[in-house]
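The values are calculated or read from the model by the stated rules, or taken from the named source; none is laboratory data. Note that this is a predicted model, so its numbers are computed, not measured. Using ideal geometry, Cβ is built from the backbone for each residue, glycine included, and neighbour counts are taken over all protein chains shown. The accessibility values were calculated without ligands, DNA or RNA, using every heavy atom of the protein model including side chains. Shrake-Rupley method; radii C 1.70, N 1.55, O 1.52, S 1.80 Å.
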Amino acid sequence: MAVTPKTIEDSGILPKGKVYIETYGCQMNFNDSEIIAAVLKHHKYEITDNPEDADVVLLNTCAIRDKAEERVLQRIKELSAYKRRKKPHMLLGVLGCMAERMRDQLFEKEKLVDIVCGPDAYRSLPVLIDEAATGQKAVNVLLSREETYEDIMPVRLHSNGVTAFVSIMRGCNNMCTFCVVPFTRGRERSRNPYSIIKEVDQLIEQGFKEVTLLGQNVDSYRWTDPNTGEVVTFAMLLEMVAKRSPWLRVRFSTSHPKDMTDDVLDVMARYPNICKHIHLPVQSGSTRILKLMRRGYSREWYLNLVSKIREAIPDVALSTDIIAGFCTETEEDHKQTLSLMEEVKFDQAFMFRYSERPNTYAARKLKDDVPHEVKIRRLNEIIDLQRKHSLERNKAEIGKVRRILVEGKARRSENQLFGRTTQNKVVVFPARDDIKPGDYVDVLIENATSATLFASKFRKVQDINEPEAVN
Ligand code: SAH
Ligand code: SF4
Ligand code: F3S
């Protein structure tokens with residue numbers, strides 16, 4: 001089809017135009033935006049932080065809950081109004097999980113959307129933009145069984161220069177009955193470990209000090225060398241990454257309880273630079289509900305896993321995700337969730353009320369029968385209890401010396417810095433001229449709220465192998 005150059009700079013030498021990317025949803029989606037930025041930069045687009053400055057505005061969207069989608073639809077309306085009034089040539093694109101879920105419905109619903117592009121189709125974005133510039137509605141929502149964008153070095157957006165995300169796999173095969181992700185992200189596939197190591201090495205070279213390996217279910221990472229048949233599991237990958245440098249911290253997310261293996265715990269225990277924090281979404285404390293969710297484990301199995309983890313890594317912090325008010329959830333099921341929380345005492349939790357997603361098993365076969373007010377009340381009880389546990393866990397840190405990686409200035413005060421402990425807890429401490437983001441500092445924890453730890457005594461770490469101490 002004919003492609004009319006959008007601007008006179010369309011020669012391929014000068015910048016093609018400015019692109020603004022706004023991201024919603026999970027860490028993987030944020031990392032995807034960095035992949036998108038890399039694809040577009042390669043095609044001579046410039047990335048801008050200001051939507052008013054942009055020729056192309058891309059919303060990288062999330063479909064996980066109704067609220068997430070409502071926010072995006074609202075934003076599309078705002079941008080459409082801006083486009084109509086001030087900038088008719090501006091192109092508006094919807095990317096990511098909502099694009100995949102709603103496809104060309106988005107053009108009908110939101111008349112001023114020009115581009116719809118799903119999570120496996122980002123390499124085609126430059127072509128889609130060219131098509132849209134000619135006035136056509138441009139769409140590519142093909143899902144792939146192979147795409148991992150492994151050869152693309154993401155362009156770090158809004159980076160602190162210290163921590164970075166590295167995607168190690170895409171998609172999900174689990175089909176939890178409430179979840180839209182398998183529909184929006186397609187089949188699970190693992191990225192070539194050598195391309196992961198290459199990216200990690202480049203990050204180290206650029207001065208980054210922490211990587212978070214990302215997947216919907218990292219424990220099922222499995223790569224087979226097409227030539228030799230060599231298999232790399234998640235535990236092996238974790239060790240490969242940890243070995244790159246003792247100064248590099250390694251985190252990972254998300255672990256699915258049913259797939260977590262002993263060898264992952266073993267590698268975690270052996271490498272001090274693998275962070276002692278596991279995000280282990282439980283979703284519910286009732287075995288009946290877990291079964292309806294098709295999570296593949298029971299309450300007892302989960303609690304047993306938690307004991308095993310704490311035995312292998314005594315200093316570990318655990319965080320979780322919980323859904324309140326899933327289909328048919330009774331008061332008794334809800335109490336089981338609260339009692340599981342009491343047993344585990346998570347360090348942190350992300351808590352949601354159940355939101356029915358079109359086409360999922362739950363939407364097709366189960367009844368979303370917990371009244372809205374009941375969902376909200378149960379959610380609030382869960383949130384209150386978690387706040388109590390977070391405070392308890394954080395208070396238990398008082399008096400301990402912890403090593404933190406400094407990330408930047410504290411939000412509330414210019415004269416304070418913040419970093420994270422290996423357990424992923426934020427510590428705020430006084431700024432000092434010789435301490436910069438990317439430094440390791442040993443701090444004595446003196447105070448705690450449910451969200452933050454505070455320290456005033458600290459010492460800069462010169463040798464990563466020396467034991468933690470403040471003087
Ligand atoms: N892959 C991760 C979860 C990704 S989605 C895992 O399996 O643990 C992040 C969280 O969103 C989920 O853990 C779940 O708690 C929540 N979530 C997913 N679908 C939801 C829905 N339909 N309603 C409410 N919360 C949901
Ligand atoms: Fe969704 Fe379950 Fe896959 Fe997590 S494991 S992304 S909750 S289907
Ligand atoms: Fe992430 Fe939301 Fe998609 S949580 S995978 S962006 S539906």
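Against the test of being within 16 Å of ligand 3 (Cβ to nearest atom), surrounded by fewer than 22 Cβ atoms within 10 Å (Cβ to Cβ) and over 30 Å from Glu78 (Cβ atoms), the options Asn192, Asn173 yield a single qualifying residue, Asn173. Among the residues of the stretch 227-282 satisfying the criterion of being among the basic types (Lys, Arg) and either open to solvent by 60 Å² or more (accessible area, probe 1.4 Å) or assigned by TED's automatic domain parsing to the domain that holds Pro437 (or both), which is farthest from ligand 3 (Cβ to nearest atom)? Filtering first and then ranking leaves Arg270.
Scanning the stretch 84-110 for residues that are free of Cβ contacts under 8 Å to residues at least 40 places away in the same chain and charged (D, E, K, R) yields Arg84, Arg85, Lys86, Lys87, Arg103, Asp104, Glu108, Lys109, Glu110.
Looking only at residues in the stretch 195-226 that are among the charged types (D, E, K, R) and more than 30 Å from Cys176 (Cα to Cα), the one that is surrounded by the fewest Cβ atoms within 10 Å (Cβ to Cβ) is Glu205.
Mind listing just one residue for me: the one in the stretch 23-47 that is open to solvent by 20 Å² or more (accessible area, probe 1.4 Å) and of a type in the set (Val, Ile, Thr) and, of those, nearest to ligand 2 (Cβ to nearest atom)? So, considering only residues that are open to solvent by 20 Å² or more (accessible area, probe 1.4 Å) and of a type in the set (Val, Ile, Thr), the one nearest to ligand 2 (Cβ to nearest atom) is Thr23. Among the residues of the stretch 148-185, those that are within 17 Å of the chain's Cα centre (by Cα), within 16 Å of ligand 1 (Cβ to nearest atom) and over 30 Å from Ile404 (Cβ atoms) comprise Arg170, Gly171, Cys172, Cys179, Val180, Val181, Pro182, Thr184, Arg185. When the test is whether a residue is assigned to a helix (DSSP H, G or I), touching a Ser or Thr at 6+ places or on another chain (Cβ under 7 Å), in contact (Cβ under 8 Å) with a residue 12 or more places away in the chain and open to solvent by 70 Å² or more (accessible area, probe 1.4 Å), Arg393 does not pass it.
Applying the set (1) of a type in the set (A, V, I, L, M); (2) within 27 Å of Phe346 (Cβ to Cβ); (3) surrounded by 18 or more Cβ atoms within 10 Å (Cβ to Cβ) to Val461 leaves exactly one unmet item: (2). Evaluate the stretch 250-268: report whether one residue or more is β-branched (Val, Ile, Thr) and within 14 Å of ligand 1 (Cβ to nearest atom). Checked against the condition, which is being β-branched (Val, Ile, Thr) and within 14 Å of ligand 1 (Cβ to nearest atom), the stretch 250-268 yields at least one hit. The residue of the stretch 143-170 that is nearest to ligand 2 (Cβ to nearest atom), among those that are open to solvent by 30 Å² or more (accessible area, probe 1.4 Å) and basic (Lys, Arg), is Arg145. In a residue-by-residue description of the stretch 313-324, the property of being in the same structural domain as Ser298 (by TED's automatic domain parsing), part of a helix (DSSP H, G or I), touching a residue at least 40 places away in the same chain (Cβ under 8 Å) and open to solvent by less than 50 Å² (accessible area, probe 1.4 Å) applies to no position.
Looking only at the stretch 279-305, which residues are within 15 Å of ligand 1 (Cβ to nearest atom), under 16 Å from Met341 (Cβ atoms) and among the hydrophobic types (A, V, I, L, M, F, W, C)? Matches in the stretch 279-305: Leu280, Val282, Ile289, Leu290, Leu305. When Leu91 is tested against (1) buried (at least 21 other Cβ atoms within 10 Å of the Cβ); (2) under 22 Å from Pro154 (Cβ atoms), exactly one condition is not met: (2).
Within the stretch 56-71, the set of residues being within 13 Å of ligand 1 (Cβ to nearest atom), part of a helix (DSSP H, G or I) and either crowded, with 21+ Cβ neighbours inside 10 Å or not basic (Lys, Arg) (or both) comprises Asp66, Ala68, Glu69. Before we move on, is Glu342 closer than 30 Å to Val211 by Cβ and either among the aliphatic types (A, V, I, L, M) or not assigned by TED's automatic domain parsing to the domain that holds Glu100 (or both)? Judged against the criteria, Glu342 is not a match. When we screen Phe165, Phe208, Phe183, Phe178 for residues that are in contact with a strand residue (DSSP E or B) (Cβ under 8 Å, 6 or more places away or on another chain) and over 21 Å from Leu248 (Cβ atoms), the only hit is Phe178.
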